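To start, the structure under review is shown below, and the notes come after it.
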Amino acid sequence: MSESGHQKPLTPAVLHILLALADEDRHGYAIMKQVKIDTLGQVTMGPGTLYGSLGRMMKAGFVEESQSRVDPEIDDERRIYYGITANGREALKSELSRYRQAVALAKDRKLALEAKAHGAS
Amino acid sequence: MVHLDPEARDTLERSYSLLLRLYPRPFRDQFGASMLQTFRDACDADRRAGKALVVSRARFFLGTSLSIAKEQAMTGSQFTKTLSVVFSATFVLLTIPLIMTLRNPDAQLRGGPGGTLDNWDWTIVDFVAMGALLLAAGTGIALTLGLLRRPGARFGAAALVGLGFIGLWAEMATGVISRFVGGLA
């Protein structure tokens, strides 16, 4: 992984998983549910995409297996939780910063287009 | 909306567990149990919400099959990659009759009386036979494409395997070839 601020852009799946894990550790199905909620139902992440991404994110040091259990009474050992690491948080911040820059740029461009339209009329 | 009884859900879970075995071993060792648990969690959540299980589980099978091909392509040898694609495609194709059969309340697979002609009613033997046929045809096509270089020869050999598949399927389903040969004799 490169230094903060020079991270490679994240794939949409990785971004959504990091966002889902940003506030608490979750198990696989809880991540899938959270992604659906976060995207207002527009993104439905399947198990293949989820666990394929988790594998690559663990290799990159973005997430790790967590020992936390929301409710040990109902959570047996087969349900593995995942948590975001400091590297993952840094990658998420960096990606969100890129998104903010893109939105700011889009706003500027729109203003410029409006100015041109006004100038032409 | 179609709900599945516990037996049908067990069949689905066993099928999904079999499908997970097609992942490369390191991936399967790391995530296999979690993926199966996620499948159970999704089934439970859908049942509690009163949602139809059939469509969402079909998505699970399809997405997982595609993911297996991707993971194998990234990590496996050429031979295992080819076999995984063939196996994944077979599973995807068998998902269609599996879902249709599980939707039929009279299906023998669900412990029903069976014998309905207007609905899907595949038995385990049907699935095994069709799975074996698809695997044989897929492996045959993969081998011919790997061994032959000339485009005409590759196309011809693949077409021959395809025709053989259709012929065997027709014979198993209707016995049309036996009847034809019997009529000639």
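FYI, it's all coordinate maths here, none of it is from the lab. None of the values given here were measured: they were computed from a predicted structure. Note: ideal-geometry Cβ built from the backbone for every residue, glycine included; neighbour counts use all protein chains shown.
Values as computed for the structure displayed
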{"read-out": "Listed pairs A:Lys36/A:Lys107; A:Lys93/B:Lys81; A:Lys107/B:Lys70; A:Lys59/A:Lys110; A:Lys8/A:Lys110; A:Lys36/B:Lys81 exceeding 30 Å between Cα atoms", "value": "A:Lys93/B:Lys81; A:Lys107/B:Lys70; A:Lys59/A:Lys110; A:Lys36/B:Lys81"}
{"read-out": "Average beta-carbon neighbours from other chains, 10 Å sphere, peptide A:36-48", "value": "3"}
{"read-out": "Proportion of all alpha-carbon pairs of region B:66-173 beyond 21 Å (%)", "value": "49"}
{"read-out": "Calculated SAXS-style log₁₀ I(q)/I(0) at q = 0.15 Å⁻¹ - chain B, Debye, Cα scatterers", "value": "-1.00"}
{"read-out": "Averaged over B:58-70, number of beta-carbon atoms from partner chains that fall within 10 Å", "value": "3"}
{"read-out": "Amide H within-cut-off set for A:His27, under 5 Å, with H built and near neighbours excluded", "value": "A:Tyr82"}
{"read-out": "Length released on extending from B:Thr123 to B:Ile166, taking residue separation times 0.36 nm less the Cα-Cα span", "value": "13.5 nm"}
{"read-out": "Among B:Leu94, B:Leu168, B:Leu20, residue whose mean-square fluctuation peaks in a GNM of chain B (springs only between Cα atoms under 10 Å)", "value": "B:Leu168"}
{"read-out": "Order by protection proxy (mean Cβ within 10 Å, highest first), peptides B:59-67, B:37-45", "value": "B:59-67, B:37-45"}
{"read-out": "Spacing of the two label points (7 Å from each Cα toward its C-beta) at A:Asp38 and B:Ile96, in nm", "value": "3.6"}
